[in-house]
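Take a look at the structure set out below.
We did not get these values from a lab; they are worked out from the coordinates using the rules stated. Values in this document were obtained by computation on a predicted structure and should not be read as measured data. A quick note on method: Cβ atoms are made from the backbone with ideal geometry, for glycine too, and the neighbour counts reach across all protein chains shown.
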Amino acid sequence: MRIVLLGPPGAGKGTQAARVCDAHGLVHLSTGDLLRAAVSAGSDLGREARAYMDAGNLVPDSLVLALVRERLNEQDADGGFLLDGFPRNVAQAEALDQDLGAEGIERVVNMQLEDEDIVRRLLARGRKDDTEAVIRNRLKVFRAETAPLIAHYEAKGLLQTVDAEGSMDEVFDRVQGLLANGARASS
């Protein structure tokens with residue numbers, strides 16, 4: 001399986017991604033992890049990414065795409081993967097589609113959660129940078145940049161939406177149900 005996991009911050013993507021990967025033997029590809037690993041390793045891509053990150057800027061699409069391409073070319077990704085945090089916009093999705101060719105993305109799972117539930121969840125984490133204003137700004141950025149991916153993948157017949165409210169087990173059961181039923185339309 002080749003899966004993209006979408007959803008706003010606080011929807012539980014990281015938790016569900018790890019569980020789905022374990023259940024299906026998939027490689028979990030998180031762009032945040034890829035960026036941190038490249039920076040830590042001191043690779044050419046990592047040094048370039050660090051310059052953007054240290055300045056507080058977003059790493060450009062071209063650099064993120066290069067990291068993803070590099071990782072997808074590793075042998076363990078041949079058996080399937082789950083992309084978490086990528087693509088973030090339609091341009092990245094189109095570049096990914098072109099890179100993957102005929103063996104493109106098979107499923108896109110959109111984890112849907114109401115804004116008030118997200119704010120409540122993230123405030124409960126107790127992190128210093130998780131203030132209500134910061135959380136609401138992150139949601140605004142998500143809606144502007146990432147939400148258009150929902151329409152992009154829906155038009156391709158790949159989008160499946162899951163209610164991300166509830167316990168980790170309840171949400172996992174819903175995701176598993178979507179993956180097991182073979183449906184390729186939004187639900």
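The table below lists the values:
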quantity: Least to most buried among Tyr52, Tyr153 (fewest other Cβ within 10 Å first); calculated: Tyr52, Tyr153
quantity: Sequence ranges 64-70, 1-7, ranked by mean other-Cβ count within 10 angstrom, highest first; calculated: 1-7, 64-70
quantity: Under 5 Å, built H, 5+ apart or other chain: amide partners of Arg2; calculated: Phe81, Glu106, Arg107
quantity: Signed unit charges on C-beta, dipole axis of the stretch 2-181, positive-most listed residue Thr161, Phe81, Leu58; calculated: Leu58
quantity: Answer label, with volume of the Cα convex hull per residue in Å³ calculated from the coordinates and candidates (i) 109; (ii) 124; (iii) 152; calculated: (ii)
quantity: Assigned charges on the beta-carbon of Lys, Arg, Asp, Glu; the stretch 2-181 dipole about Cα centre (debye); calculated: 480 debye
quantity: Residue-count net charge about Asp54 - beta-carbon cut-off 12 Å; Lys, Arg +1, Asp, Glu -1; calculated: +1
quantity: Radius 15 Å from Cβ of Asp173, net charge of other residues (Lys, Arg +1; Asp, Glu -1); calculated: -3
quantity: Over the chain: helical MRE at 222 nm, DSSP H runs n ≥ 4 each giving -39500 (n - 2.57), nearest 500; calculated: -17000 deg cm²/dmol
quantity: Relative contact order of the chain, pairs being alpha-carbon contacts under 8 Å that are 6 or more residues apart, as %; calculated: 30 percent
quantity: At R0 = 35 Å, FRET efficiency that the Cβ-Cβ distance of Asp117 and Ala66 yields, to 0.05; calculated: 0.50
quantity: Residues with amide H under 5 Å from that of Asn110, placed H, sequence gap 5 or more; calculated: Leu6, Gln160, Thr161, Val162
